[in-house]
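The values are calculated or read from the model by the stated rules, or taken from the named source; none is laboratory data. Please read all numbers here as calculations on a predicted model, not as lab measurements. Positions of Cβ are backbone-derived with ideal geometry, glycine not excepted, and every protein chain shown enters the neighbour counts.
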Amino acid sequence: MSDIPVDIGIYRYDNTRALFDGTAGFEGVDATMHTADIVSDIFERTVRDREFGVAELGLTFYLRTLDLDEESPYLAIPVFPNRQFRHSAIYVNTASGIRTPQDLAGKTIGEFATYGHDAGVVAKGVLSDEYGVKPEQSRWVIGGFDWPMEWFDFVPRLHPAEVDVQPAPQGKALGQMLDDGEIDALISADVPRAVLENSPNVARLFPDYVSLERDYYRRTGIRPIMHTVVVRKDLLAQHPGLARKVYQGFVDAKETAMADYRHGRIFNHMGSAGMVPWFSELYDENRRLFGEDWWPYGVEKNRASVDAFLRWHFEQGLSKRRLTVEDIFVPELLTT
């Protein structure tokens with residue numbers, strides 16, 4: 001039997017690199033790998049054009065396809081190529097009077113790309129759960145972080161009626177608006193130029209975000225998920241067992257990266273992260289916190305993190321109903 005031809009759209013991360021260089025692969029699948037300079041381009045090509053049979057997709061963008069008028073063309077597998085704590089994603093203008101999370105109430109907050117991008121869902125969820133700050137207490141402006149851009153339009157533009165959400169003014173970028181004091185705060189997956197260039201007008205809401213994020217994980221067991229991997233339903237119907245083959249390929253690629261990290265520890269990571277001072281100490285600290293597999297795939301090891309995102313998504317008015325883990329993943333992989 002010949003291998004199944006599949007176009008796969010995925011960003012090049014450490015945990016997916018082996019799929020591009022051939023170190024890992026998908027048994028019984030003739031995979032053609034595709035990537036992009038910006039990961040959201042993969043999202044758009046996946047949702048708008050259905051270009052890929054298997055693709056990385058921001059978790060919120062996938063969840064929004066489940067509420068389209070027509071049936072969603074995709075089901076997810078429990079692979080999470082991008083995940084990130086997001087206390088670090090909240091920036092404030094230093095003259096705004098924002099010193100605590102509660103000070104965000106009544107303020108104007110920018111958000112990158114769409115109301116409820118993946119980092120925004122998580123940051124708002126943490127603000128609500130941990131500090132009692134709700135999205136409806138603020139005004140929201142949507143745009144690009146360092147260059148003007150339109151609100152993403154390849155998924156529904158959703159927000160509750162009680163939340164004031166507007167696009168950024170024509171020709172305006174949120175990072176510069178924050179630097180200039182035209183908005184009070186910004187939530188962005190990407191770091192604005194004003195922060196990279198050490199503008200005195202911009203700071204993080206949580207300067208000691210690393211300690212806070214580590215403590216958050218210890219207390220909650222939640223390691224926030226940004227992106228998942230989806231498979232077109234027509235392929236799943238045509239090729240029983242395809243989901244598990246794809247899942248295993250991503251697991252193997254991730255394990256290849258983790259093995260490189262483990263082996264690299266012998267040599268103080270001079271090859272795998274040779275230009276990052278004290279990387280080995282960071283690796284050891286992460287291993288103490290997360291254990292040997294600090295990038296787990298599968299349902300059970302990620303149930304708390306996925307369920308938190310699904311709850312936040314519903315609470316923020318981005319899902320029509322409170323979804324469960326069982327609603328979003330290929331059934332045959334629910335036991336992983």
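Worth pointing out:
- Count of residues meeting criterion [surrounded by fewer than 18 Cβ atoms within 10 Å (Cβ to Cβ) and closer than 27 Å to ASP37 by Cβ] in segment 73-103: 2
- Filter result for VAL79 (among the β-branched types (Val, Ile, Thr) and outside any helix (DSSP H, G or I)): yes
- Leading residue by the ranking (farthest from GLY120 (Cα to Cα)) among those in segment 22-70 that are touching a residue at least 40 places away in the same chain (Cβ under 8 Å) and among the acidic types (Asp, Glu): GLU27
- The requirement of being out of contact with any strand residue (DSSP E or B) (no Cβ under 7 Å at 6 or more places or on another chain) and outside any loop (DSSP other than H, G, I, E, B) is fulfilled nowhere in segment 68-76; no residue meets it.
- Candidates VAL246, VAL202, VAL210, VAL230 - the one that is among the hydrophobic types (A, V, I, L, M, F, W, C), surrounded by fewer than 18 Cβ atoms within 10 Å (Cβ to Cβ) and at pLDDT 95 or above: VAL210
- Qualifying residue in segment 298-314 (condition: under 18 Å from GLY58 (Cβ atoms), small (Gly, Ala, Ser), outside any helix (DSSP H, G or I) and touching a residue at least 24 places away in the same chain (Cβ under 8 Å)): no
- Complete set of residues in segment 25-60 that are part of a loop (DSSP other than H, G, I, E, B), of a type in the set (A, V, I, L, M, F, W, C) and modelled with pLDDT under 95: ILE38
- Count of residues meeting criterion [farther than 18 Å from ALA168 by Cα and either surrounded by 20 or more Cβ atoms within 10 Å (Cβ to Cβ) or β-branched (Val, Ile, Thr) (or both)] in segment 104-142: 11
- Scanning segment 283-293 turns up no residue that is closer than 24 Å to PRO135 by Cβ, without any contact (Cβ under 8 Å) to a residue 12 or more places away in the chain and surrounded by 13 or more Cβ atoms within 10 Å (Cβ to Cβ).
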